[in-house]
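Student: Dropping the structure in here first, questions after.
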Amino acid sequence: MAWVFTFVCITGLGLLLHAEVRLPRQRRLPKMVASTAFVAVALAVGALDSTFGKIMLVALVLSWFGDLFLSYDGRTPFVAGLVSFLAGHIAYVFAFANRGLGEQLYIPILAVIVVALPVAGWLLPTVPGELKAHVIAYMTVISVMVATAVSTNAFSADWRIPVGAIAFYLSDIGVARERFARPGLVNRMVGLPLYFGGQLLLAWASGG
């Protein structure tokens, strides 16, 4: 069944990309179909059979709510989506810590800092003052998520975890660019496949 749900997710993504180009008012349904499918993948691969998997499932469900909130326009849904995804990243961090972290965690942390600082320097001047604290908190947490994803892979190899986490990170740069810096279709055409691809990889990894 996991492969069936993966196909549903990819199909939902395809319909979402089509809607982004042709039917922007009809984006919510295919987006939520794709999001529901990656949660279903985690259930199908046995996420409920381990503590690690259960925490991963919580992260995926929080991401589902983030997708739902961000499918609406306006500042309030945006903040709600931001908070949902922030909580989801915290759950991922706990999941990776539960799985085990490598002894040299400082190496991926330093690598993420090297990437995050120029991104912050580019992005933060474009963020409205009342949202800066939210965005800084989010950037910090997602950076920690990526660092722990890489570290847990060093502890116990599973390429899907760091690749999925990095894809998620890159997709959020597209979201930030769309929201604050330079809106355009290219942000969604690149960011959405990265996001759903990353979540699918993490969902598959949740089964151990």
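Laboratory data are not the source of any read-out in this text; all were calculated from the coordinates shown. A quick note: this is a predicted structure, and the numbers were derived from the prediction, not measured. Because the Cβ atoms are built from the backbone with ideal geometry, glycine has one as well, and the counts that use them run over all protein chains shown.
Student: So if I check each of SER143, SER151, SER171, which one is more than 20 Å from LEU105 (Cα to Cα) and in a helix (DSSP H, G or I)?
Tutor: SER171
Student: Suppose we keep only residues that are part of a loop (DSSP other than H, G, I, E, B) and at negative phi within region 91-111. Which one would you say is surrounded by the fewest Cβ atoms within 10 Å (Cβ to Cβ)?
Tutor: GLU103
Student: Turning to a different aspect of this structure: From the list ALA137, ALA120, ALA157, pick out the single residue that is assigned to a helix (DSSP H, G or I) and under 27 Å from SER206 (Cβ atoms).
Tutor: Being assigned to a helix (DSSP H, G or I) and under 27 Å from SER206 (Cβ atoms) holds for just one of ALA137, ALA120, ALA157, which is ALA137.
Student: Let me ask something additional. Restricting attention to region 75-83, does a residue exist that is in contact with a Lys or Arg (Cβ under 9 Å, 6 or more places away or on another chain) and within 22 Å of TYR138 (Cβ to Cβ)?
Tutor: Checked region 75-83: at least one residue is in contact with a Lys or Arg (Cβ under 9 Å, 6 or more places away or on another chain) and within 22 Å of TYR138 (Cβ to Cβ).
Student: Within the set of pairs 6+ apart or on separate chains, which have a first residue in region 42-63 that is without any contact (Cβ under 8 Å) to a residue 12 or more places away in the chain, a second that is assigned to a helix (DSSP H, G or I) and buried (at least 19 other Cβ atoms within 10 Å of the Cβ), and C-beta atoms under 8 Å apart?
Tutor: Close Cβ pairs (under 8 Å, with a partner that is assigned to a helix (DSSP H, G or I) and buried (at least 19 other Cβ atoms within 10 Å of the Cβ)) amount to LEU48/LEU57; LYS54/ALA47.
Student: Under 9 Å by Cβ, and 6 or more places apart or on different chains, what pairs join a residue from region 123-141 that is surrounded by fewer than 14 Cβ atoms within 10 Å (Cβ to Cβ) with one that is among the aliphatic types (A, V, I, L, M)?
Tutor: Sorted first by the residue in region 123-141, then by its partner, the pairs are THR126/ALA176; THR126/ALA181; LYS132/LEU124; ALA137/LEU82; ALA137/LEU86.
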